[in-house]
Amino acid sequence: MNKIDIWDSDYRFMLIVWEHAPVRSGRLVVLSRERLGWKKSTTYNAIRRMSEKGLIRNDKATVRVLVPKEQVQAQESHAFLERTFDGSLPRFVAAFLNGKAISSREAEEIRRLINEHQEEDDGNH
């Protein structure tokens, strides 16, 4: 996957697109005004920027998604982990949980995710 450089305002706009796509660009103007307080020109600039980045396609005033939300979220999560915790997932979890309790259901979900993504033991333990 090519790195997608996305700003916070772009991401908030893309949340609207992901929720409503395929969507007419005029409808995006209305939704962006309601949810983001944007002017028409700001929305059309965002459509252009996201099209140039390859996230969406604006074809005959209908905006379609080219890159799913989960793909962008994964990239942003990995970049945050690298930048903030030197890529250490345990350090991130420790910082996140510092003084915070989680429910049994949340703990079980985290265990399930870890088990699904755990590498096979190489016998060096």
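Given the criterion at pLDDT below 95 and surrounded by 14 or more Cβ atoms within 10 Å (Cβ to Cβ), identify the matching residue among Gln75, Gln118. After ruling out the rest, the residue left standing is Gln75. Take the conditions of a type in the set (Ser, Thr, Tyr) and under 13 Å from the mean Cα position of the chain (by Cα) and apply them to Tyr44. Does it pass? For Tyr44, the condition - of a type in the set (Ser, Thr, Tyr) and under 13 Å from the mean Cα position of the chain (by Cα) - is not met. Note on the stretch 76-125: among residues that are basic (Lys, Arg) and more than 23 Å from the chain's Cα centre (by Cα), the one that is nearest to Ile6 (Cα to Cα) is Lys100. Got a number for residues in the stretch 10-29 being in a helix (DSSP H, G or I), touching a Ser or Thr at 6+ places or on another chain (Cβ under 9 Å) and either exposed (fewer than 14 other Cβ atoms within 10 Å of the Cβ) or among the β-branched types (Val, Ile, Thr) (or both)? Selection size over the stretch 10-29: 2. Can you name the residue in the stretch 84-101 that is surrounded by fewer than 10 Cβ atoms within 10 Å (Cβ to Cβ) and of a type outside the set (D, E, K, R) and is also modelled with the lowest pLDDT among such residues? Within the stretch 84-101, the match that is modelled with the lowest pLDDT is Gly99.
The values are calculated or read from the model by the stated rules, or taken from the named source; none is laboratory data. Remember, it's a predicted structure, so these values are computed and weren't measured experimentally. So basically every Cβ, Gly included, is an ideal-geometry build from the backbone, and we count neighbours across all protein chains shown.
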